[in-house]
Amino acid sequence: MPKLVECVPNFSEGRRPEVIKAIVDAIQAQSGVTVVDQEMDADHNRAVVTFVCHPSLAVDAAFRGYQKAAELIDMTTHKGGHPRMGACDVCPFIPLSEMTEEEAVELAHKLGKRVGEELQIPVYLYEKAATSLKRRNLANVRQGQYEGIRDTIETDPERKPDYGPARMNLKAGATAIGVRFFLIAYNVYLDSENLDIAQRIADAIRQVKGGYRFVKAMGVDIKERRQVQISINMTDYTRTPMFRVFETIKSEAARYGVNVVSSEIVGLVPSEALVDVADFYLRFENFKKDQVIETKLAGLAGAGPAGGESFFDAVASSSPAPGGGSVASAAGALAAALTAMVCRLTVGKKQYAEVKDELTRARDQADQLRADLTRLIEEDEKAFNAVMAAFKLPKGTDEQAATRAKAVEEANRGASLVPLEVMKKSLEALKLARIVAAKGNQNSITDAGVAGLMGMAAVDGARYNVRINLKSLADTAFVERLTAESNSLRKEAEAVAQEVRRLVEARL
């Protein structure tokens, strides 16, 4: 599985689709970030956006969402049924695969620092990222909501934010950034307009009132539907399952002579949570989760080699793409990945305490380079396909021939620039390999050496592709510029690679 983090920013806007579209567009403007879900609720006046990406991309993507929300949402006029304190009200990170909770907490701090300093928004860290026990619970952080925090933040020491100014950003409000387990946002509707009943049922199931652990709930009046709702956050469905909460709501509702009409899940939900519900109601015998075909197929898909069997198969096929350019990018990505690994095997060790900060920075840079070079694998294939498509354009008339010639020229320019970018990124990866070769964990010195070898292979391989694509170009100034630049990059890379080899040999 690739290294992935999920981020679920909640925005205080549920009535203007154009605003949420602008925020979503800002979040996914960077390649490699995928918005997998977005939900809007007019009564709550709130939107929940879920995006997934490599951790190295998450802070920038989330920050762009904050930036756009601060621009388009005005908390001085905001009204809604859901508790809120800011334009981007909360922003949790959830580790998905190949990622530790500690790494997610680092992301929360990085984002908090940027939001606080660059946008001048008070930032409170909560849940697993909290800096004090009192702030682990989001309800405590958000107590009093926008107005309460606005009126006390400058005078109450308990309200001092973790990042940003100790004064309310009147337009954008305040925000909470955290790390948590996968949360299920779950709503249950009753055939009643009596808000008091909904609130009493919510009290019966929520943890702070003696209900279920890992359950937060409140009663909400959904005027548009002429119904009341039990709005629930299930913070650990593995220990308090959905069916138990649903059955309790049904039982409590019956006490008041009302019925459950329906329920809904807002956003995404793990399949395991739904399988647990099916298991409870259908009373399966000896049921195993890998009997779900999608689960079985996902397991089979992940059983190939670490580099991804499908990519190797595609390279080995008769198709000319992905080819050498994509493989050069993959080599660069592997150089960055090995460098990040050595950093992780060094940071935190007592004997390497003096290089902790330097190798932490190198790790983060290597993670970013790995993501960039992985993206360039596909970019190289796209560039090659664009050249092939240009050559297939008709040339039967003078006008068609001219159009085709221009398209071929532009496609070849693009096909030259992609491997040049691979060279630049791979050189950066080589420089990081030099750092870990000199200062990384002694037990991982050969990994640093292989990172150097892969980085140099990436530079040389990408340079081949720059050269071959330049041969077809008529723009001599462009050809001369890229030739000189690629030669310079290759010369610098060779010097760095030799230094990596020397360091590795000396420490072996």
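The values are calculated or read from the model by the stated rules, or taken from the named source; none is laboratory data. Only a predicted model underlies this, so the values are computations on that prediction, with no experimental measurement involved. Heads up, the Cβs are rebuilt from the backbone with ideal geometry, glycines too, and the neighbour counts pull from every protein chain shown.
Across the range 194-213, not a single residue is classified as in contact (Cβ under 8 Å) with a residue 60 or more places away in the chain and within 16 Å of Ser263 (Cα to Cα). No other residue among Pro83, Pro95 is under 26 Å from Phe214 (Cα atoms), touching a strand residue (DSSP E or B) at 6+ places or on another chain (Cβ under 7 Å) and outside the structural domain of Lys216 (by TED's automatic domain parsing) apart from Pro95. Does at least one position in the range 34-44 carry a residue that is buried (at least 18 other Cβ atoms within 10 Å of the Cβ), outside any strand (DSSP E or B), assigned by TED's automatic domain parsing to the domain that holds Lys113 and small (Gly, Ala, Ser)? No, because not a single residue in the range 34-44 is buried (at least 18 other Cβ atoms within 10 Å of the Cβ), outside any strand (DSSP E or B), assigned by TED's automatic domain parsing to the domain that holds Lys113 and small (Gly, Ala, Ser). Do we have Val215 as surrounded by fewer than 19 Cβ atoms within 10 Å (Cβ to Cβ), within 28 Å of Phe11 (Cα to Cα) and in contact with a helix residue (DSSP H, G or I) (Cβ under 9 Å, 6 or more places away or on another chain) here? Taking the combined requirement at face value, the residue does not satisfy it.
Before we move on, is Ala477 part of a helix (DSSP H, G or I), in contact with a helix residue (DSSP H, G or I) (Cβ under 7 Å, 6 or more places away or on another chain) and either among the small types (Gly, Ala, Ser) or outside the structural domain of Val436 (by TED's automatic domain parsing) (or both)? Lay out the reasoning, then the answer.
Numbers: part of a helix (DSSP H, G or I): yes; in contact with a helix residue (DSSP H, G or I) (Cβ under 7 Å, 6 or more places away or on another chain): no; either among the small types (Gly, Ala, Ser) or outside the structural domain of Val436 (by TED's automatic domain parsing) (or both): yes.
Against the criterion (part of a helix (DSSP H, G or I), in contact with a helix residue (DSSP H, G or I) (Cβ under 7 Å, 6 or more places away or on another chain) and either among the small types (Gly, Ala, Ser) or outside the structural domain of Val436 (by TED's automatic domain parsing) (or both)), Ala477 does not qualify.
Looking across the range 218-250, just one residue is in contact with a helix residue (DSSP H, G or I) (Cβ under 6 Å, 6 or more places away or on another chain) and of a type in the set (S, T, N, Q), and that is Thr248. Among residues of the range 148-172 that are in contact (Cβ under 8 Å) with a residue 60 or more places away in the chain, those with a beta-carbon under 6 Å from a residue that is of a type in the set (A, V, I, L, M, F, W, C) and buried (at least 21 other Cβ atoms within 10 Å of the Cβ) at least six positions away or on a different chain give the pairs Ile149/Met85; Ile149/Ala174; Asn169/Ile121; Ala172/Ala70; Ala172/Ala87; Ala172/Ile121.
Would you mind stating whether Ile445 is over 29 Å from the mean Cα position of the chain (by Cα), touching a residue at least 40 places away in the same chain (Cβ under 8 Å) and in a helix (DSSP H, G or I)? Spell out how you get there, then give the answer.
Numbers: over 29 Å from the mean Cα position of the chain (by Cα): yes; touching a residue at least 40 places away in the same chain (Cβ under 8 Å): yes; in a helix (DSSP H, G or I): yes.
Yes, satisfied.
When Glu379, Glu410, Glu399 are checked against the criterion of being touching a helix residue (DSSP H, G or I) at 6+ places or on another chain (Cβ under 9 Å), surrounded by fewer than 17 Cβ atoms within 10 Å (Cβ to Cβ), part of a helix (DSSP H, G or I) and not assigned by TED's automatic domain parsing to the domain that holds Val33, Glu410 stands alone in meeting it. Counting only residues that are surrounded by 14 or more Cβ atoms within 10 Å (Cβ to Cβ), among the hydroxyl-bearing types (Ser, Thr, Tyr) and under 31 Å from the mean Cα position of the chain (by Cα), the range 227-250 holds 4 of them.
Do you know which residues across the range 38-69 are more than 20 Å from the chain's Cα centre (by Cα) and touching a residue at least 40 places away in the same chain (Cβ under 8 Å)? It would help to see each step written out before you state the result.
Of the residues in the range 38-69, the ones more than 20 Å from the chain's Cα centre (by Cα) are 40-46.
Within the range 38-69, Asp41, Ala42, Asp43, His44, Arg46 qualify.
Set side by side, the residues Val105, Val123 differ, and just one is within 17 Å of the chain's Cα centre (by Cα) and among the β-branched types (Val, Ile, Thr), which is Val105.
Scanning the range 10-17 turns up one or more residues that are of a type outside the set (D, E, K, R), surrounded by fewer than 19 Cβ atoms within 10 Å (Cβ to Cβ) and in a helix (DSSP H, G or I). Do we find that Gln291 is in the same structural domain as Tyr189 (by TED's automatic domain parsing), at pLDDT below 90 and not acidic (Asp, Glu) in this structure? Yes.
If a residue must be assigned to a helix (DSSP H, G or I) and closer than 14 Å to Val59 by Cα, how many such residues does the range 77-116 contain?
Initial filter on the range 77-116 (assigned to a helix (DSSP H, G or I)): 101-116.
Filter once more, so that each one left must be closer than 14 Å to Val59 by Cα: 103-116.
Going through the range 77-116 one residue at a time, the tally reaches 14.
Checking the structure you have, find out if any residue of the range 251-258 is surrounded by 15 or more Cβ atoms within 10 Å (Cβ to Cβ), of a type in the set (Asp, Glu) and either part of a loop (DSSP other than H, G, I, E, B) or at pLDDT 95 or above (or both). Within the range 251-258, one or more residues are surrounded by 15 or more Cβ atoms within 10 Å (Cβ to Cβ), of a type in the set (Asp, Glu) and either part of a loop (DSSP other than H, G, I, E, B) or at pLDDT 95 or above (or both).
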